[in-house]
Amino acid sequence: MNRNPLAAIDIGTNTFRLLIAEVCHDLPKNTFSFREIHSERIITRLGEGIHDKGRLSEDAVNRSLAALKGFSDTISRLNVRRTSAVATSALREAANSADFIKKARQVTGLDIKIISGEEEARMTASGMLMDMPVPASALLADIGGGSTELIFAGNGEPLSVCSLPLGVVYLAGRYMGEDPPAVRDLNQMGEDISRRITPAVERFSGLRGPDTVFIGTAGTITTLSAVTQNLVTFRHDRIHKSRLRLDQVKGIYSAISVMPSMERARYIGLEPARLDIIVPGTLILLKLMEAFGFDEITVSNYGLREGILIDLYKKARGSSP
């Protein structure tokens with residue numbers, strides 16, 4: 001173990017995540033594990049409205065800078081050796097992303113790196129499979145705020161990646177204008193999702209075999225797992241490596257898509273900040289399972305944040321004397 005921990009920050013379109021940990025690399029097995037020191041996530045909605053205006057809103061910027069300032073203070077307090085702050089879809093797309101990065105550096109001292117969709121997928125795959133038996137063949141899915149990353153992996157190594165412009169914040173902004181959502185909007189959202197998924201189905205068609213497993217991560221999927229287990233508090237030990245069946249996902253979507261937001265808040269319970277985005281997120285998952293022919297998905301509570309940490313560990317070792 002390292003004497004001083006490393007910090008990874010995942011600056012997502014919807015959620016910011018911080019992980020501070022000591023990383024251990026099992027050289028014979030080439031696997032990674034970590035001793036968590038601090039973990040935190042804050043829903044900031046950085047990408048709210050970006051698809052309409054092409055820019056980060058002032059409110060979203062202020063919320064996000066406050067979250068990063070809190071992360072930075074925690075990092076300083078815990079004597080972190082190195083930090084990697086990585087941004088994805090929202091800052092890839094926003095016309096004023098450079099201004100946000102400059103302000104973040106001034107306010108927090110953090111240097112933010114914007115990564116490509118392909119790099120995001122690679123790091124996500126690395127993180128998702130931590131603490132899991134590595135499957136010979138797997139389709140990995142990360143349903144995010146601004147995009148959905150799909151990675152086809154063989155023995156844990158990405159063979160093909162596809163970053164889809166399909167995120168829950170974008171879909172909520174476009175199709176969740178009424179409460180409860182209008183049937184016509186739900187139907188249009190489903191058609192939009194299916195259309196955007198089709199290229200990935202065609203791309204991966206020659207890779208999938210009878211033993212290919214489906215593994216998913218991020219807030220939508222972990223929330224659905226909590227709902228099926230009637231959890232009132234988030235339990236990593238219950239959610240990580242749990243499984244969701246297609247019929248369960250269909251049942252939840254059928255229920256929450258016709259509920260007004262107040263009723264949906266009681267139904268999902270765990271994260272009221274997901275009241276609007278849980279509907280499009282669930283529909284993305286449902287459409288993915290149907291399009292690829294999966295009856296079940298295994299839930300990973302790890303993802304890009306852990307992948308960032310592994311990547312930082314490798315770079316730190318490479319630069320060490």
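The values are calculated or read from the model by the stated rules, or taken from the named source; none is laboratory data. On a predicted model such as this, the values are computed, not experimentally measured, just so you know. Note: ideal-geometry Cβ built from the backbone for every residue, glycine included; neighbour counts use all protein chains shown.
Structure above, values below:
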{"read-out": "Residue under evaluation residue 252, criteria (1) surrounded by 19 or more Cβ atoms within 10 Å (Cβ to Cβ); (2) modelled with pLDDT under 90, criterion not met", "value": "(2)"}
{"read-out": "Lone unmet requirement of (1) over 17 Å from residue 140 (Cβ atoms); (2) surrounded by fewer than 20 Cβ atoms within 10 Å (Cβ to Cβ) for residue 208", "value": "(1)"}
{"read-out": "Residue pairs meeting the criteria (Cβ under 9 Å; at least 6 apart or on separate chains; first in contact (Cβ under 8 Å) with a residue 24 or more places away in the chain and crowded, with 21+ Cβ neighbours inside 10 Å, in the range 19-30; second among the aliphatic types (A, V, I, L, M) and assigned to a loop (DSSP other than H, G, I, E, B))", "value": "20/78; 20/80; 23/1"}
{"read-out": "Residue match in the range 73-80 (condition: in a loop (DSSP other than H, G, I, E, B), farther than 24 Å from residue 163 by Cβ and among the β-branched types (Val, Ile, Thr))", "value": "yes"}
{"read-out": "Given (1) modelled with pLDDT under 90; (2) not in a loop (DSSP other than H, G, I, E, B), index of the condition residue 221 fails", "value": "(1)"}
{"read-out": "All positions within the range 81-103 that are crowded, with 16+ Cβ neighbours inside 10 Å and assigned to a helix (DSSP H, G or I)", "value": "89, 90, 91, 92, 93, 97, 100, 101, 103"}
{"read-out": "Any hit, the range 39-60, residues being touching a residue at least 60 places away in the same chain (Cβ under 8 Å), assigned to a helix (DSSP H, G or I) and buried (at least 23 other Cβ atoms within 10 Å of the Cβ)", "value": "yes"}
{"read-out": "Test: residue in the range 239-255 that is part of a helix (DSSP H, G or I) and polar (S, T, N, Q)", "value": "yes"}
{"read-out": "Residues satisfying the stated conditions in the range 167-189, i.e. surrounded by fewer than 18 Cβ atoms within 10 Å (Cβ to Cβ) and closer than 19 Å to residue 291 by Cβ", "value": "187, 188"}
{"read-out": "Count of residues meeting criterion [under 18 Å from residue 304 (Cβ atoms) and not hydrophobic (A, V, I, L, M, F, W, C)] in the range 38-86", "value": "11"}
{"read-out": "Residue list for the range 41-59, restricted to those being of a type in the set (Lys, Arg), farther than 14 Å from residue 173 by Cα and over 19 Å from the mean Cα position of the chain (by Cα)", "value": "55"}
{"read-out": "Only listed residue being at pLDDT below 95 and either β-branched (Val, Ile, Thr) or assigned by TED's automatic domain parsing to the domain that holds residue 292 (or both), chosen from 216, 177", "value": "177"}
{"read-out": "The range 218-241 residues that are surrounded by 14 or more Cβ atoms within 10 Å (Cβ to Cβ), paired with ones that are acidic (Asp, Glu) (beta carbon under 6 Å, 6 or more apart)", "value": "218/142; 223/271"}
